[in-house]
Amino acid sequence: MRILILLLFLLVGCALPPTVQQQTLLTGKILLRSDTLWQGEIIVDGEVTVAKGVTLTIAPGTSIRFVRRDSNRDGLGDATIIVKGSLVATGTEQKPIRFLSAESDPMPADWLEIRSDFARQLLFDWCEFRDSAYTLHAHFTRGHMRNSHIHHNIDGCRLGRSRFLFQHNLIENNSGKGINFRDSEVTLVDNIIRNNRAGIFLFEKPGKSVISRNNIYQNDINLQLGDFFAEDVALAGNWWGSADLTAIDQSIYDRQDDPELGHVDVAPVSAWLFSAGLQRRAQFKPLWRMASKGFVDAAPVEVDGRIFVASWDGFLRAVDSDGKLLWEVDTRDVVDGGLLAVDGGVFLQNWSRQLYRVDQADGRIRLLYEYPSSPADDHRQAGLTMTEQLLLLPAWNGTLYAFDRKSLNRLWSFDAGMPLRATPLVDREIIYQTSGNHVLTALNTAGQLLWQKELAAPLLSSPVLQSDNILVLDKSGVLTSFGPDGTILWQKNLAQASFYSAPLVAHDAIFVATAAGVVSKINPSTGQTIWSRSLAGSIYASPVVSNAGFLVGDNEGNLYLLDFDSGRTLASYRVEGAIQSQVLVTGNRLYFGSRDQNLHALQLVREENRK
């Protein structure tokens, strides 16, 4: 591995200067004999020791990368930080401090641990720990770990006879134990602990510990007592992935599994604790709005800094990122379906059942096609989409029309069932179309039927891809997961009406919003609900991903930014009409329409949070 040394190279036993910055290589055995500040990028290839009475301070935004070496061939990396004095690592949400592998193919145990024996204090805020064997290995030490992400290690910590606070952390995907301690005074509160082999491992003697207000779920074993743990344990106020006591008991390894062990009395809460997890923060800053003369339900689209938006007044408008009108063109009827901006044009359909191409540069309009009327010609048209060669138009009359993208000539049509109100999904040359006659249709790009599946209620929202599977939410609120061949893998009845809001797949989960105003996070493998929460109004808009959380609007005019993990509201903004438009996200800019007849532009600001 080639490492650029920009500042200094230290030999065994040399003292560091007061400040280390930019990129620095520390190799061999390094002893810090005076208070030291690390910032920039630190490469540790060996063992760094913080001497007794010395404080190592790590600045926000610093990355500490550990070189993988395994001199004794025990399968564990050698690189280590040993603390005999103090270590203070105070990052921020926007500038976390990262402890991770220096390798291009990182894996758990690339580096060993941060180890302390009789250290004065270890303080970690807004840190990330990954690729280690044991992360934090402390004995006879005090400290805290807050607002930190501990993932893809073997163990998230190993504590013995220490006093430690773990609060508001996300501890996940560790191949061993998430939290591992013995005979310690540990306060473990307000954390999310998931997808570890063992979420919490109590080796022996509980000490004076408090484990409460945590969400502990989807671990192979949520809590495990060690071989020498004979005492009974009472843990009140945690959520264990279910309200079913039998299911909770099955996720805990105690006396019911080994008669030599103590008994765990969980006294659980019945639902998700929204206060747990990282305390991220954000806000919406209004930038501008542009008025139309009708509802703005169609989601805006963007190409090269130009925003295209349609309205019930029949106009398609182009504006720049500052809200300046560039051009507008009249299609002479309502436009409420999704726009498609591709090949230099903006394609749309209106309530007169006309397909148009509008030139992105100057707004020149061309009528491409007009399809026959039907009894379903009353509201909410589907959005357009494309394949590599095709432009796809889902029509009220139940027909999916395919046009050649180059010539714009019609190539084929397929009767998928009346009405079509949802944009088709295209995946690997397969087209999936939902219809109001309860049917999900799979076609190839030649328009040939592959399979169809009929469900119990109309399908008004778009199908969504989840891994290789297809998710469909019907009008009655039943979420169905189909395999690629149309096999039903699972179904989840939300028991709430759902109209046009499609599921969102993000962060290894499914997020669903319903007309009852409820947003739910769902396990994509099982369909189990992880959390649900009610917003102020019914939801017709589909949620979308941003760099800070996911966004969804409701019919009371509220735009919400919700945290993927905790489900907390990170920011909200209110306008004077229903938000049925999906939000367009371009970096930290957000654009959405409303039934207050405006296109709104906001800036998403992620706030610093040091605590």
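Under a 5 Å amide H cut-off, with hydrogens placed 1.01 Å from N, Gly241 pairs with Ile216 among residues at least 5 apart or on other chains.
Here each label is just a point 7 Å from Cα along the line to Cβ, and for Ser34 and Ala497 those points are 7.4 nm apart. Within the chain, DSSP assigns beta bridges of which about 50% are antiparallel (rounded to the nearest 5). Inter-part distance, the range 531-608 to the range 402-446, computed on C-alpha centroids, equals 29 Å. Where in the range 579-597 does the label zone of Trp288 land, with the point 7 angstrom along Cα→C-beta and an amide N cut-off under 15 Å? Zone members listed by number: 589-592.
Overall, the accessible surface of the range 290-348 at a probe of 1.4 angstrom is composed of carbon and sulfur to the extent of 48 percent. Think of a 1.4 Å ball rolled over the protein heavy atoms: the chain then has 39 Å² of accessible area per residue.
For the range 30-60 and the range 296-375, what is the centre-to-centre distance using only Cα atoms, to the nearest Å? So the two Cα centres are separated by 59 Å. For the range 488-555, carbon and sulfur atoms together expose 46% of the accessible surface, with a 1.4 angstrom probe and every protein chain in place. Note on Glu388 and Val88: the model spin-label points, each 7 Å out from Cα along the C-beta direction, lie 5.8 nm apart. Determine the share of the range 364-466's accessible area contributed by carbon and sulfur atoms, expressed in whole percent, with a 1.4 angstrom probe. After summing per-atom areas, the C and S share lands at 47 percent.
If R0 is taken as 22 Å, the Cβ-Cβ distance between Val545 and Val303 corresponds to a FRET efficiency of 0.65. Longer than 25 Å from Cα to Cα, which of Lys29/Lys208; Lys285/Lys521; Lys29/Lys52; Lys177/Lys208; Lys406/Lys453 are they? Say none if no pair is. Those over the limit are Lys29/Lys208; Lys285/Lys521; Lys406/Lys453. Between Trp327 and Ser467, the contour length at 0.36 nm per residue exceeds the alpha carbon distance by 46.4 nm.
Taking a Cβ cut-off of under 10 Å around Ser352, the surrounding Lys, Arg, Asp and Glu residues balance to a net charge of -1, with basic ones at +1 and acidic ones at -1. Simple spin-label estimate for Ser374 and Asp249 gives 5.4 nm between the two label positions (7 Å along the Cα-to-Cβ direction from each Cα).
In terms of its C-alpha gyration tensor, the chain comes out prolate, because a/c is 1.5 or above and the ratio a/b outweighs b/c.
The values are calculated or read from the model by the stated rules, or taken from the named source; none is laboratory data. For clarity, every value in this text was computed on a predicted model and none was experimentally measured. We place every Cβ from the backbone using ideal geometry, glycine too, and count neighbours over all the protein chains shown. The protein model used for the area step is the full one, side chains on, heavy atoms only, and it has no ligands, DNA or RNA in it. Shrake-Rupley method; radii C 1.70, N 1.55, O 1.52, S 1.80 Å.
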